[in-house]
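Nothing in this text is a laboratory measurement; each read-out follows from the coordinates by a stated rule. Owing to the predicted nature of the structure, the values given are computational and were not obtained by experimental measurement. Positions of Cβ are backbone-derived with ideal geometry, glycine not excepted, and every protein chain shown enters the neighbour counts.
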Amino acid sequence: MNKYRVKNRTRQQRLKTFLIIIAVVIILLIGITIIVRRIYDENIQPLSHSQRTQIIVVSDGMSSQQIANLLKKDNIIRSSWAFEWYVRSQTLRGDLQAGTYSLSPSQSVSDIINVLTEGKVTIRLITILPDRRLDQIQSDLINDGFSPASVAQALQPAQYSFLPVLAFKPSSANLEGLLYPDSFQKDSNTTPEQIIQESLTEMGQHLTPSLQAAFASEGLSTYQGIILASIVQQEVIGSSDQAQAAQVFLKRLSTGMPLGSDQTAFYGAIIAGQSPSVSYDSPYNTLLHTGLPPTPLSNVNAQALNAMAHPANTDWLYFVTGDNGTTYFEQTAQEHQNDINQYCHIKCAQDSQ
């Protein structure tokens, strides 16, 4: 056999082997690509059918990898690498926006990224409820997601000295009674100081010049008006009853009688770490001491402020709220006791403990 033919055949065999190897590699690569693509497609699908939502906070400066790890950790997505791959393939790394988001495992990666790139942040409402003491408001804010340390700092009055409402309180007093009850918007960047400032600002807006003048006409400073409004709000509910209760307290003050409010006694005991009791002796106990307590008992709403500024034109000296929720007003101690005997059994027994 001619040696050239042998060489040629050898070359052909090598080429054939090479081509076979190339073909196998290509087939393998195609197969791997198909498998990887299938795995990728599966991993960008929703994690589950659960409709639960989770609040996710994307902080400023977080990378797509950090966001992916956060979503995987909180069981919102199937795979962090698939999420990041999607972001990179769509060239969206610079479009992911910081914020507070409400996301669900029932959303696909594309749906989640659409939320994040369009900045569809979740705005929560933080509510300061009426009739709440300052310590209760503090606990509520912590339950709303603020840290205890940040809430404690936010309740320091000195940082709000520029607000007009702070001019009404004594320098030694805290913010008790000055936080207006309302709902305030919160996102991932909201601080407790912002919530407190908004609430104080709103309280200042309710303390209008005409309201201040009405308090003055009753011989009260604005802060004293707030103190009495908080007592009225704690004692009775309806606007008509509150106006009559305001008249009772004003008349008692003018005649030197103790205000006689169980709620003031309870407040003094509670802030001293004691169980609510009418017999606990504190500067707040207006069953034992004449005059006003040192501070309000809670925050107040517009209804209580207006009732205190515009008391009823009556001549009562006593009142009691019965077990049925109705408030009964009396002129004499005997009439008062008769109403207690007739209408207030359970409630008055509890209050006397």
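Full extension of the chain segment joining T332 with L92 gains 78.7 nm, where the gain is 0.36 nm per residue of separation less the Cα-Cα distance. The distance between label points at A213 and N174 comes to 3.6 nm (points 7 Å beyond Cα on the Cα→Cβ vector). Note on Y40 and S110: the model spin-label points, each 7 Å out from Cα along the C-beta direction, lie 1.4 nm apart. Placing pseudo-labels 7 Å out from each Cα toward the beta carbon at S147 and D135 gives an inter-label distance of 2.4 nm.
Could you list S230, S199, S161, S106 so that the one with the fewest beta carbons within 10 Å of its beta carbon is first and the one with the most is last?
Working: S230 27, S199 22, S161 9, S106 15.
The fewest-first ordering by Cβ neighbours comes to S161, S106, S199, S230.
For Q194, neighbours were defined as the other residues whose beta-carbon sits under 11 Å from its Cβ, and their charges (Lys and Arg +1, Asp and Glu -1) total -2.
In plain terms, the bigger the Kirkwood radius, the slower the diffusion; for the range 133-286, with that radius from Cα pairs, at 10 °C and 1.306 mPa s, Stokes-Einstein puts D at 93 µm²/s.
First measure r as the distance between the Cβ atoms of S183 and V25, then evaluate 1/(1 + (r/R0)^6) with R0 = 41 Å and state the FRET efficiency to the nearest 0.05. Before the final figure, lay out the partial values.
Numbers: r = 64 Å, r/R0 = 1.57.
According to the calculation, E is roughly 0.05.
Legend: Rg and Dmax of the range 76-155, from Cα coordinates, 18.1, 54 Å.
Report the calculated FRET efficiency for N313 and I237 (r = Cβ-Cβ distance, R0 = 25 Å), to the nearest 0.05.
On the way: r = 21 Å, r/R0 = 0.83.
In this case the efficiency is close to 0.75.
Mind sorting H336, H206 by how few other Cβ atoms lie within 10 Å of their own Cβ, fewest first?
Numbers: H336 19, H206 14.
If I rank by nearby Cβ atoms, fewest first, I get H206, H336.
Extent of the chain along its three principal axes (Cα atoms, max minus min coordinate, largest first): 139, 45, 32 Å. With a ≥ b ≥ c taken as the square roots of the eigenvalues of the C-alpha gyration tensor of the range 209-351, please select rounded if a/c is under 1.5 and otherwise prolate if a/b is larger than b/c or oblate if it is not? Verdict is oblate for the range 209-351. Axis angle, to the nearest 10 degrees, between helix 239-255 and the longest C-alpha principal axis of the chain: 50 degrees. Looking only at G31, G119, G291, which one moves most when the chain is put into a Gaussian network model with springs between Cα atoms under 10 Å? Greatest mean-square fluctuation among the candidates belongs to G31.
Across the chain, C-alpha contacts under 8 Å between residues 6 or more apart give a mean separation that, scaled by the residue count, equals a relative contact order of 13 percent. Please say if the range 38-89 is rounded, prolate or oblate, where rounded means a/c under 1.5 for a ≥ b ≥ c the square roots of the C-alpha gyration tensor eigenvalues, and otherwise the choice is prolate for a/b larger than b/c and oblate otherwise? Judged from the Cα gyration tensor, the range 38-89 comes out oblate (a/c at least 1.5, b/c at or above a/b).
The count of lysine pairs in the chain that are at least 8 places apart or cross chains, and whose C-alpha atoms lie under 28 Å apart, stands at 10.
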